[in-house]
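Note sheet for the following structure.
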Amino acid sequence: MRWCLLALLLVDFHYVHARSVPRSALSDEDAEPAADPKILILGGGVAGVIAARTFYEQGITNFVIVEARDELGGRLQSQTIGAPGKELLVEYGANWVQGTQASEGGPENPIWSLVKKHGLNTTSSDWFGSMTTYDENGPADYLDTFDKSTDVYNELTVVAGARVEQQLVDLTARSGYSLIGSKPMTPADKACEYYAFDWEYAQSPLESSWIASSWGNNFTYDPDQGGFGDTNAMSIDQRGFKHFIQAEAADFLQPEQFILNATVTNIAYSSDRVEVTLKDGTVLTADYALCTFSLGVLQNDDVVFQPALPDWKQEAIQSMVMATYTKIFLQFPEDFWFDTQMGLYADPVRGRYPVWQNMNLTGFFPGSGVIFVTVTGEFSQRIEALPDKQVQKEVLEVLQAMFPNATIPEPTTFFFHRWHSDPLFRGSYSNWPPSFFSEHHQNLRATVDERLWFAGEATSQKYFGFLHGAYYEGLDVANNLAQCVQGNGCAFIANVTEVTNAYPYVI
Ligand SMILES: Cc1cc2nc3c(=O)[nH]c(=O)nc-3n(C[C@H](O)[C@H](O)[C@H](O)COP(=O)(O)OP(=O)(O)OC[C@H]3O[C@@H](n4cnc5c(N)ncnc54)[C@H](O)[C@@H]3O)c2cc1C
């Protein structure tokens, strides 16, 4: 058990603060409520599709998903790579159901339920028991340090829980590590800490909230905290991981209920309607809009809101962080690397091409010759600014350092996606910084002018960053909005006008 009391103390803000408003108090006193209110669901990722399914299940059919890409699924993205005859579909977006189900009858990750329902082919990833370690001089056995770093990470989450219990202020996860006596010095220490922390949050301990990173972990992985369990199922389905959400959509969605290749450029809203303009000039009007665009899209003004979003909303949007997680895929004519699932490389520069995953194994894609390496945070942004050739050169230099006696051939494939630069995402997933308060987070998901609603992985207090966070937000926010649409009294998700310090600064 990672900590005991946090689950009890972490309140579900949206319900505590949601206020119930009778239908007549919506806005314009004279306006007649629409007979069949229309909802635009902006974005067709997991949150958007699950919101649509929620409306459908409640008998609400007057909705349209508006999606910029040519398919539904959002950050579930795959690509076929490889030399002729050795092609393979790889996931450069989400790939794992993180935390599936610990025991029969225990809480089950809803993504895992959908994966099973739609018969996806998955395999179990062993992130901690199948590891080979390297440094800049080749193979280097620091598995003891690796094992200890997992224990240290667990302690970090337990001590964070005690701070919540005592109502102590949040700190950086770096402060947390230092306070429990963990001060990585060597490249091996740093690589092990990176693996336990950055590889999950896509940012460093210095950039991350100690408390929120700990609950993010526990509510997903720790059954004692209501989490799903610590097993990670990796999709190896050649229809793509996205198949689970596309198949789910196909079960209920009618052709007139979604528009693809439709990029939103402008969202005009008032207290009684919403007007959405697309890149091609089309204007869509509705009674409500549910915006599921990524935090990165909202942060970067890719979509213009008219009027500009209120200050409390902008402060929340600009204060959560959109982190970046980048998988770099290589295919080689033959395998020259480790035969474990994972490889960890300790470079003198922390976070330089550290985590390697072997796809050339039984249970994955034997004979594929595919390996991939992950980088995160600032390092991801750095490589996005470089030409592919230069990144490839650096990656091959690292492989040569890891395998000094091997002749490293030219890869037959080299591929990575630039998530941070992608205007439809602007990063991979959100991370909670230490300066971000729970009230900020409440504001991230709060309704604006009672017509503009927000949902997505970033609006999930318990599961930000994860597919299941997007799922639960699509479900919860759509359930709230359905109340308004059905005219039964409307539980808007309320905001906090000013997020203040617990104590004013003494000047
Ligand atoms: C590299 C990577 C690895 C990840 N790994 C995992 C993992 O293994 N497990 C896990 O649980 N989670 C993982 N995640 C996170 C997970 O993918 C997300 O939490 C989840 O997919 C978010 O869903 P969403 O519906 O909130 O947002 P999105 O999926 O971003 O959906 C929003 C939709 O809005 C669309 N859109 C954006 N702008 C516009 C516009 N202007 N007009 C119209 N449409 C627009 C987008 O195209 C997108 O389809 C990963 C993410 C990435 C990028």
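The values are calculated or read from the model by the stated rules, or taken from the named source; none is laboratory data. Since the model is a prediction, treat every value here as computed from it, not as a measurement. Cβ placement follows ideal geometry from the backbone for every residue including glycine, while neighbour counts extend to all protein chains displayed.
Looking across the stretch 108-120, the residues that are out of contact with any strand residue (DSSP E or B) (no Cβ under 7 Å at 6 or more places or on another chain) and of a type outside the set (D, E, K, R) come down to 110, 113, 114, 118, 119. Quick one: is residue 257 touching a helix residue (DSSP H, G or I) at 6+ places or on another chain (Cβ under 6 Å) and farther than 20 Å from residue 131 by Cα? Against the criterion (touching a helix residue (DSSP H, G or I) at 6+ places or on another chain (Cβ under 6 Å) and farther than 20 Å from residue 131 by Cα), residue 257 does not qualify.
Taking residues in the stretch 163-182 that are touching a residue at least 24 places away in the same chain (Cβ under 8 Å), and partners anywhere that are of a type in the set (Asp, Glu) and surrounded by 13 or more Cβ atoms within 10 Å (Cβ to Cβ), the pairs with Cβ atoms closer than 8 Å and at least 6 places apart or on different chains are 163/170; 172/207; 177/193; 180/155; 182/193. Annotation note: of 412, 447, the sole residue that is closer than 30 Å to residue 390 by Cβ and either more than 12 Å from the ligand (Cβ to nearest atom) or at pLDDT below 95 (or both) is 412. Scanning the stretch 302-313 for residues that are more than 16 Å from the ligand (Cβ to nearest atom) and either of a type in the set (Ser, Thr, Tyr) or under 18 Å from residue 292 (Cβ atoms) (or both) yields a single hit, 313. Among the conditions (1) in a loop (DSSP other than H, G, I, E, B); (2) more than 16 Å from the ligand (Cβ to nearest atom); (3) closer than 23 Å to residue 309 by Cβ, residue 440 misses just one, which is (1). For the stretch 233-248, the count of residues that are part of a helix (DSSP H, G or I), closer than 30 Å to residue 99 by Cα and free of Cβ contacts under 8 Å to residues at least 12 places away in the same chain is zero. Can you find, within the stretch 213-271, the residue that is surrounded by the most Cβ atoms within 10 Å (Cβ to Cβ) among those that are over 24 Å from residue 49 (Cβ atoms) and assigned by TED's automatic domain parsing to the domain that holds residue 449? Out of the qualifying residues, it is 268.
Cβ separations smaller than 9 Å between residues 6+ apart or across chains give the following pairs from the stretch 297-310 residues that are more than 16 Å from residue 264 (Cα to Cα) to residues that are among the charged types (D, E, K, R) and assigned to a loop (DSSP other than H, G, I, E, B): 310/449. Would you be able to tell me the number of residues in the stretch 450-471 that are within 8 Å of the ligand (Cβ to nearest atom), at positive phi and either at pLDDT below 95 or more than 8 Å from the chain's Cα centre (by Cα) (or both)? Qualifying residue count, the stretch 450-471: 1. On the stretch given as the stretch 422-437, residues that are near the ligand (Cβ under 8 Å from one of its atoms) and in a loop (DSSP other than H, G, I, E, B) total 5. Restricted to the stretch 275-306, and to residues there that are aromatic (Phe, Trp, Tyr) and in a strand (DSSP E or B), the residue that is surrounded by the most Cβ atoms within 10 Å (Cβ to Cβ) is 288.
Screening residue 336 with (1) in contact with a Phe, Trp or Tyr (Cβ under 8 Å, 6 or more places away or on another chain); (2) assigned to a helix (DSSP H, G or I); (3) farther than 28 Å from residue 62 by Cα gives one miss only, at (2). For the stretch 261-278, a tally of residues being touching a residue at least 60 places away in the same chain (Cβ under 8 Å) and within 15 Å of the ligand (Cβ to nearest atom) returns 8. Among the residues making up the stretch 41-74, those that are part of a loop (DSSP other than H, G, I, E, B), in contact (Cβ under 8 Å) with a residue 24 or more places away in the chain and surrounded by fewer than 24 Cβ atoms within 10 Å (Cβ to Cβ) are 58, 60, 61, 62, 68, 69, 70, 71. Only one of the numbered conditions (1) within 17 Å of the chain's Cα centre (by Cα); (2) surrounded by 21 or more Cβ atoms within 10 Å (Cβ to Cβ); (3) within 16 Å of the ligand (Cβ to nearest atom) is not met by residue 195, and that is (1). Looking at the stretch 93-114, can you tell me whether even one residue there is aromatic (Phe, Trp, Tyr), within 30 Å of residue 397 (Cβ to Cβ), within 12 Å of the ligand (Cβ to nearest atom) and in the same structural domain as residue 228 (by TED's automatic domain parsing)? Yes, there is a match, as at least one residue in the stretch 93-114 is aromatic (Phe, Trp, Tyr), within 30 Å of residue 397 (Cβ to Cβ), within 12 Å of the ligand (Cβ to nearest atom) and in the same structural domain as residue 228 (by TED's automatic domain parsing).
Here's a check for you: in the stretch 354-380, which residue that is on the phi > 0 side of the Ramachandran plot and assigned to a loop (DSSP other than H, G, I, E, B) is nearest to the chain's Cα centre (by Cα)? Selected residue: 363.
Six or more apart or on different chains, Cβ atoms under 7 Å: show the pairs whose first residue is in the stretch 79-95 and within 16 Å of residue 371 (Cβ to Cβ) and whose second is within 16 Å of the ligand (Cβ to nearest atom) and of a type in the set (D, E, K, R). Taking only residues 6 or more apart or on different chains, the pairs are 92/327.
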